[in-house]
1. Enumerate the amide H contacts of GLY149 below 5 Å, restricted to partners 5 or more residues apart or on another chain; note that Pro and chain-start residues carry no placed amide H.
2. Only loop residues by DSSP count here, and only those with at most 16 other Cβ atoms within 10 Å; note down the GluC sites (Glu not before Pro) in region 272-372 that meet that.
3. In region 267-372, what percent of the accessible surface is made up of carbon and sulfur (1.4 Å probe, ligands and nucleic acids excluded)?
4. Can you list the residues, at least 5 places off or on another chain, whose amide H is less than 5 Å from the amide H of VAL267, using H built in the peptide plane?
5. Tabulate in residue order the Karplus-calculated ³J(HN,Hα) for region 194-209, using 6.51 cos²θ - 1.76 cosθ + 1.60 with θ = phi - 60°, rounded to whole Hz; enter x for Gly and Pro.
6. List the residues whose amide H sits under 5 Å from the amide H of GLY188, counting only those 5 or more places along or on another chain, with H placed 1.01 Å from N in the peptide plane.
7. What residue among ALA241, SER270, GLY202 has its Cα farthest toward the positive end of the dipole of region 170-288, where the charges are +1 on Lys, Arg and -1 on Asp, Glu, each on the Cβ?
8. At a 1.4 Å probe radius, which order do TYR264, TYR187, TYR6 fall into by accessible area, largest first?
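The values are calculated or read from the model by the stated rules, or taken from the named source; none is laboratory data. Not measured: the values here are computed from a predicted model. No Cβ is skipped: glycine too gets one built from the backbone with ideal geometry, and neighbour counts run over all protein chains shown. To get the accessible areas, we keep the full protein, side chains included, count just its heavy atoms, and leave off ligands, DNA and RNA. Shrake-Rupley method; radii C 1.70, N 1.55, O 1.52, S 1.80 Å.
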Amino acid sequence: MSKRDYYEVLGVSRNASEEEIKKAYRRLAMKHHPDRNANDKAAEEQFKLIKEAYEVLSSSQRRAAYDQFGHAAMEGMGGFGTSGAGGMNFSDVFGDIFGDIFGGRGGASAAQRGSDLHYSLDITLEEAVFGKTAELTIPTLVACSECNGSGARKGAAPVTCSDCSGYGQIRMQHGFFTVQQTCPTCYGKGRVINDPCLSCHGRGRRKQEKKLSVKIPPGVDTGDRIRLSNEGEAGEAGAMAGDLYIQVQVQPHALFERDGKNLYCEVPVSFVMAALGGEIEVPALNGRVKLKIPAETQTGKVFRIKNMGVPSLRGGDVGDLMCKVQVETPVNLTAKQKELLQQFEKTMSANNKHSPKSNSWFDKVKKFFEER
């Protein structure tokens, strides 16, 4: 199957500037990143294709080769020899590509950045609304304090690899091609440790539990991530540490449900109060508030209490508290109470204007059967 045009993948024109290409790549990479599309194979494949397109079009040499020869320039096909159209040398095109694949043109691989860490943090709804400072204990790899991350014993130092002369790569001739591969002795580092540190056994890093105080801002919700730069695993040979990503999970609440910035709760009301009206005290996360129930309130009616919800994570207005009325049917009635209700029902049947919903419902039922 033919590969898609790289300009089409990034959604830019063939004369797009470097800045336009970079901007398009960032936007698409963020949209299709695997961290944002868990278990989505299609998004993962699209992310790889976007990255591949950007790696070609962001390099002036590779872009020039692609513009002239298309995907053939990238794959080593296309029917041109060592000197192709436009004066471009075959080895220049492939040297550029193979140099990236094998870690540069004859240079040792850079020390590897530390791995990112991911931590799942469960918090209560109250903590999500008002914020908190969480004390975390993170198992990680830190730079060895004995050797300062070098991996060599005190007083000693890594030495240049004799097999690759410090380049980190070895060259192998295969007919017309010269192929580079990672040095098997130093694993691309260009240096070897003959006298390793006893504390970290030459690794330059050791396991340790790190304690962190993390500020959880008001307004966070389930799925939000907090990124702490350089709080992940230490890099190799003093390289930059990775990042720590804290994934927030808000636990269910006994009274409230959250929908964005608003909080919802159900408020049971007696049928007497629903009919005659009154005032009831309802809970809020920061205290209690009085709610006026107007006469003739029906079950399912929602009342809004302003600014008693969740603050916006990025600033702005606070959400509202939405109280949904549930008219409660009385239970465990005494004989006297039942008698009073029966007498009340007789007074209701004399005039059906007291039950507008029932009348409307019966009218709809009657019409339904007449049309059958």
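1. CYS144
2. In loop regions of region 272-372 (DSSP not H, G, I, E or B), the sparsely surrounded GluC sites (Glu not before Pro) are GLU296, GLU371.
3. 53
4. Amide H neighbours of VAL267, under 5 Å, 5+ apart: LYS324, VAL325, GLN326.
5. Running phi through 6.51 cos²θ - 1.76 cosθ + 1.60 with θ = phi - 60° gives 8, 10, x, 5, 6, 6, 10, 6, x, 7, x, 9, 9, 6, 7, 8 Hz.
6. It is CYS183, by chain and number.
7. GLY202
8. Ranked list, largest accessible area first: TYR187, TYR264, TYR6.
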